[in-house]
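Enquirer: One structure is given below, represented as structure tokens, and several questions about it will come after.
The values are calculated or read from the model by the stated rules, or taken from the named source; none is laboratory data. Model, not experiment: these values are computed from the prediction. Cβ placement follows ideal geometry from the backbone for every residue including glycine, while neighbour counts extend to all protein chains displayed. All accessible areas refer to the heavy atoms of the entire protein, side chains included, with ligands and DNA or RNA removed. Shrake-Rupley method; radii C 1.70, N 1.55, O 1.52, S 1.80 Å.
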Amino acid sequence: MSAKAISEQTGKEFLSKFLSTSAAVQNRFRYANVTPETNLDKLTQEHPWLLTERLVVKPDQLIKRRGKLGLVGVNLDLNGVKNWLKPRLNKEATVGKAKGILKNFLIEPFVPHKQEEEFYVCIYATREGDYVLFHHEGGVDVGDVDAKAQKMLIRVDEKMDEDQVKKALLTKVPNDKRAVLASFIVGLFNLYEELFFTYLEINPLVVTKDGVYVLDMAAKIDATADYICKGKWGDVEFPPPFGREAYAEEAYIADLDAKSGASLKLTLLNPRGRIWTMVAGGGASVVYSDTICDLGGVEELANYGEYSGAPSEQQTYDYAKTILSLMTREKHRDGKVLIIGGSIANFTNVAATFKGIVRAIKDYQEPLKEHEVTIFTTGIPIHVFGTETHMTAIVGMALGHRPIPVQPPVAAHTANFLLNSSATSVRRVCFFSVSVRE
């Protein structure tokens, strides 16, 4: 499973198109999207309701607790929306520790309602099944829902019905709203399963005498289900978290990944960081990244990614050169470290993948020199370790937390005992220490 967040706009479009329920869902998602390039005057030609209805405006950039942060404009006319956007659109904002540019907004019709008409519902995946959380008091002040919400576990291959929902989740809901909420929640859960959501939260979910209104929504879907859901998802986009821009190199690697039977993943965390990784295997990539963070390198960790599933020499070359290109764009006063590693290679042709990496390093000798990379013998100081050295020890050496042995001792341990003696089952662990002179 690869759970990826989708925008509120995408999530509500899915609900609008595919939600099946007897509940009267009133706001089947009318919206207008605003970016820095949007002409607000022309927008009314496409959405004439903007001129006649009261409106809500908010950023749609995976920001939590927007109401608490003052990032929701409520009950405004169109001029009020324009005035509200002026100090925010295309301006920098701070959310927690993240800083980013507010550049994507949703405008929706305002729904007048009372506080007691707000509810909270959330569905999320776990190993044992899917949990449905419900609280009879929703809105910005909902608080710790994990502690106070009523919960219902739907195990794998089990189905949900309205009677179960009423008994497990709706005991504190007024009688006149139980039927409509039960129908909506069952329909929502069916949609959640059908479109391979892994997380779906609506807060508030408003129920008035006229029906159900989905006001704010957050969701994630299992990106690996694209081949199943393509017809309904369409070309779904996965926006980056607030404060982190989308990079062309990430899109390039994602395109390589989509065209390959292998796995090629790249996420840029801090392009100016000094610690870079090029790791084979999803499990190994987590071990390396966790160890870097444990050893105090979280602020300098530049990227996260992995290559696995037997990529070809050319695919590994393309992957490696992309990382080397990013790594050699800016100098760092303390030099840079590139950790190339992995765990046990079961069927990947290690010789082929390392040929691709070596080709990329040879091609980038000149850029490395142009960036005043200190050259030792083959261009970069290389320390190579085998199965006798744990992955976490490698990271400690790379970050300068422990000495680098001249001749690593061969120790008898479980990893050695389990290893096949064949050439196709080896651990790939080494790191390249790149020193950059200012």
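Enquirer: Take residues that are at pLDDT below 95, under 22 Å from Lys58 (Cβ atoms) and out of contact with any Pro (no Cβ under 7 Å at 6 or more places or on another chain) and tell me which of the strands (runs of 3 or more DSSP E) falling wholly in segment 158-222 contain 2 or more. Before you say what the answer is, go through the steps one by one.
Expert: Working: elements: 197-208, 211-214, 217-222.
Passing ranges, in order: 197-208, 211-214.
Enquirer: Tell me the residue from Ala32, Ala3, Ala24 that is in contact with a Leu (Cβ under 7 Å, 6 or more places away or on another chain) and in contact (Cβ under 8 Å) with a residue 60 or more places away in the chain, please.
Expert: Ala32
Enquirer: Of all residues in segment 103-113, which are in contact (Cβ under 8 Å) with a residue 60 or more places away in the chain and over 14 Å from Val57 (Cβ atoms)?
Expert: His113
Enquirer: Go through (1) more than 29 Å from Lys64 (Cα to Cα); (2) modelled with pLDDT under 90; (3) of a type in the set (A, V, I, L, M, F, W, C) for Ala246 and report which single condition fails.
Expert: Unmet for Ala246, out of (1) more than 29 Å from Lys64 (Cα to Cα); (2) modelled with pLDDT under 90; (3) of a type in the set (A, V, I, L, M, F, W, C): (1).
Enquirer: A further question follows. Quick check on my filter: what residues within segment 89-109 are part of a loop (DSSP other than H, G, I, E, B) and open to solvent by less than 60 Å² (accessible area, probe 1.4 Å)?
Expert: Matches in segment 89-109: Leu89, Asn104.
Enquirer: Considering only segment 117-134, how many residues are farther than 16 Å from Phe189 by Cα and free of Cβ contacts under 8 Å to residues at least 24 places away in the same chain?
Expert: Number of matching residues: 1.
Enquirer: Mind listing just one residue for me: the one in segment 226-239 that is in contact (Cβ under 8 Å) with a residue 12 or more places away in the chain and in a loop (DSSP other than H, G, I, E, B) and, of those, least open to solvent (accessible area, probe 1.4 Å)?
Expert: Val236
Enquirer: Please state which one of Lys159, Lys167 is open to solvent by 20 Å² or more (accessible area, probe 1.4 Å) and within 30 Å of Ser2 (Cα to Cα).
Expert: Lys159
Enquirer: Taking the stated definitions as given, is Thr35 farther than 25 Å from Lys91 by Cβ, β-branched (Val, Ile, Thr) and not assigned by the TED database to the domain that holds Ala254?
Expert: In short, no.
Enquirer: May I ask you to say which residue of Ser263, Ser285 is in contact with a Gly (Cβ under 8 Å, 6 or more places away or on another chain) and without any contact (Cβ under 8 Å) to a residue 40 or more places away in the chain?
Expert: Being in contact with a Gly (Cβ under 8 Å, 6 or more places away or on another chain) and without any contact (Cβ under 8 Å) to a residue 40 or more places away in the chain holds for just one of Ser263, Ser285, which is Ser285.
Enquirer: Let me ask something else. Tell me, yes or no, whether segment 271-278 has at least one residue that is modelled with pLDDT of 90 or more, among the charged types (D, E, K, R) and crowded, with 16+ Cβ neighbours inside 10 Å.
Expert: So far as segment 271-278 goes, no, none of its residues is modelled with pLDDT of 90 or more, among the charged types (D, E, K, R) and crowded, with 16+ Cβ neighbours inside 10 Å.
Enquirer: Which is closer than 26 Å to Arg66 by Cβ and small (Gly, Ala, Ser), of Gly138, Gly129?
Expert: Just one listed residue meets the conditions, Gly138.
Enquirer: Can Leu15 be described as assigned by the TED database to the domain that holds Thr126, of a type in the set (A, V, I, L, M) and either farther than 27 Å from Cys229 by Cα or part of a helix (DSSP H, G or I) (or both)? If you could, list the steps in order and put the result at the bottom.
Expert: On the way: assigned by the TED database to the domain that holds Thr126: yes; of a type in the set (A, V, I, L, M): yes; either farther than 27 Å from Cys229 by Cα or part of a helix (DSSP H, G or I) (or both): yes.
When the stated conditions are applied, Leu15 passes them.
Enquirer: Can you tell me which residue in segment 12-38 is nearest to the chain's Cα centre (by Cα), limited to those that are over 22 Å from Thr208 (Cα atoms) and either crowded, with 19+ Cβ neighbours inside 10 Å or at pLDDT below 90 (or both)?
Expert: Phe14
Enquirer: Further question: Only residues that are within 21 Å of Glu245 (Cβ to Cβ), surrounded by fewer than 18 Cβ atoms within 10 Å (Cβ to Cβ) and under 20 Å from the mean Cα position of the chain (by Cα): list them for segment 290-335, please.
Expert: The answer is Val298, Glu299, Tyr304.
Enquirer: Another question about this same structure. Of the conditions (1) within 30 Å of Val57 (Cα to Cα); (2) open to solvent by less than 20 Å² (accessible area, probe 1.4 Å), Val140 fails just one. Which one is it?
Expert: Result: Val140 fails condition (2) only.
Enquirer: So, Thr21, is that one in the same structural domain as Asp222 (by the TED database) and assigned to a loop (DSSP other than H, G, I, E, B) or not?
Expert: yes
Enquirer: What do you reckon, is Leu133 closer than 23 Å to Leu15 by Cβ, hydrophobic (A, V, I, L, M, F, W, C), in a helix (DSSP H, G or I) and open to solvent by less than 60 Å² (accessible area, probe 1.4 Å)?
Expert: no
Enquirer: Give the residues of segment 143-156 that are in contact (Cβ under 8 Å) with a residue 12 or more places away in the chain and either part of a helix (DSSP H, G or I) or open to solvent by less than 50 Å² (accessible area, probe 1.4 Å) (or both), sorted by residue number.
Expert: Here is the first cut: in segment 143-156, the residues in contact (Cβ under 8 Å) with a residue 12 or more places away in the chain are 145-146, 148-156.
Residues satisfying the conditions are Val145, Asp146, Lys148, Ala149, Gln150, Met152, Leu153, Ile154.
Enquirer: So which pairs qualify, if the first residue must be in segment 66-78 and farther than 16 Å from Val34 by Cα, the second must be part of a loop (DSSP other than H, G, I, E, B) and open to solvent by less than 70 Å² (accessible area, probe 1.4 Å), the Cβ gap must be under 6 Å, and the two must be at least 6 apart or on different chains?
Expert: Once the first residue is farther than 16 Å from Val34 by Cα and sits in segment 66-78, its partners that are part of a loop (DSSP other than H, G, I, E, B) and open to solvent by less than 70 Å² (accessible area, probe 1.4 Å) give Arg66/Val72; Asn75/Phe110.
Enquirer: Shifting gears a bit: Output the residue which, of all residues in segment 358-372 that are of a type in the set (A, V, I, L, M) and at pLDDT 80 or above, is least open to solvent (accessible area, probe 1.4 Å).
Expert: Here the residue is Ala360.
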